[in-house]
1. Measuring from label point to label point, each 7 Å out along Cα→Cβ, what is the residue 141 to residue 221 span in nm?
2. Which residue, 69, 221, 150, tops the fluctuation ranking in a GNM of the chain built on C-alpha contacts under 10 Å?
3. Using bins 10 angstrom wide from zero, how does P(r) for the stretch 144-229 break down, in % of all Cα pairs?
4. Can you say what percent of the DSSP beta bridges in the chain, counting only those with both residues inside, are antiparallel? Round to 5.
5. Taking the convex hull of the Cα atoms, report for the chain its projected area averaged over all directions, in nm².
């Protein structure tokens, strides 16, 4: 049983998209599972074998379990079959919290977060989290499971996150883990890590901390006075 289940379309999505939060979760004792849909075989850098080796190394450093599915890179699509597959993953791991890339993104093809596989994965998970609850859904293996919350990472730049997670004290370890994806260090002319760090710095500035990661949630959240008062 997982505390946190994170879906990503590609081997590096979870670490690049919300990796410092994953470090924080894991170091707090949470059981983290990464579910990767493809091996990134259509990517510009790295082979499928290399990328799978990299993602397993990153998961090992993080202390997370990993499950790799058989979707095709650049062909991830929101279909009933896809929803059923991911609903079975949710039932199998029975997480309290589920994370996925945000399900729509209007940005241009130059924005890596707007990859069609990312948004498709988010859309699939959005439906799969619902499918996983239905006892009467024929052909769906496993016992029904209703995760407490579905959160989205890779929030489009045109949107303000619902909340910002302070990851300042976990940035160095995050970078070590993210660099396990050695083949992807060539992205953006070799500046990918600087860009990812700057993105977190921007989110941090919005809430008065050095670094943060942004998330979106569609569920209503209860008002907790003790939290607001720092109790």
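Just so you know, all these numbers are worked out from the coordinates, no wet-lab data involved. Just so it is clear, the model here is predicted, and its values are computed rather than measured. Backbone-built Cβ (ideal geometry, glycine too); neighbour counts: all protein chains shown.
1. 3.6
2. Checking each option, the largest mean-square fluctuation is seen for 221.
3. Final binned percentages: 14, 37, 34, 12, 2.
4. So the antiparallel bridges amount to about 25 percent of the total.
5. Result: 12.5 nm².
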